[in-house]
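Q: Provided herewith is a single structure, encoded as structure tokens, for subsequent inquiry.
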Amino acid sequence: MDSAGLTALQDAIRHMHGCEAQWLESVLVTETFEGEIVWDGEVQVFELHGHPSAARGYAWSHVTDGSRRRFFAVLGIGPVRDAVTAVRASIAAEIRK
């Protein structure tokens, strides 16, 4: 389970996407690129309520500087169909920055 807790992830989804989220499950994801692990952890899967186009959301967080946390909340829209593709979409978005 994400060390920030489910409530913090639900708050992140509400803040980023303006909808409520009900937890469904945790999924372990390990993503590699050219033989190196680029992300390894649990993704929390949520059923979304009140979002106009997404029924599922995927959320996780990680510690950044000191005790600060960075939250990720990816909607299950388009190519994002599960926890693995949510992580991939997040990595791709970071690369484009």
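Q: Note down the net charge around Glu42, summing +1 for each Lys or Arg and -1 for each Asp or Glu among other residues with Cβ under 12 Å from its Cβ. It would help to have the intermediate numbers written out before the result.
A: Working: positive: none; negative: Asp2, Glu25, Asp40.
Residues close to Glu42 contribute a combined charge of -3.
Q: Run through every distinct alpha carbon pair of the chain and return the Kirkwood hydrodynamic radius in angstroms, one decimal place.
A: Values: mean 1/r = 0.0735 Å⁻¹.
Value: 13.6 Å, from the Cα pair sum.
Q: For helix 6-17, report the angle its Cα long axis makes with the longest principal axis of the Cα atoms of the chain; keep it between 0 and 90° and round to the nearest 10°.
A: The angle comes out near 80 degrees.
Q: Using the Cβ atoms and a cut-off under 14 Å, what net charge is assigned to the surroundings of Ala86, where Lys and Arg are +1 and Asp and Glu are -1? Can you show the working numbers first?
A: On the way: positive: Arg56, Arg81, Arg88; negative: Asp2, Glu25, Glu31, Glu42, Asp82, Glu94.
Taking every other residue near Ala86 into account, the sum is -3.
Q: Any number yet on Rg/Rh for the stretch 44-92, C-alpha, Kirkwood?
A: Details: Rg = 11.8 Å, Rh = 11.5 Å.
So for the stretch 44-92, dividing Rg by the Kirkwood Rh gives 1.03.
Each reported figure results from applying straightforward, stated rules to the coordinates on display, with no laboratory input. From a predicted model like this one, the values you see are computed outputs, not experimental measurements. Heads up, the Cβs are rebuilt from the backbone with ideal geometry, glycines too, and the neighbour counts pull from every protein chain shown.
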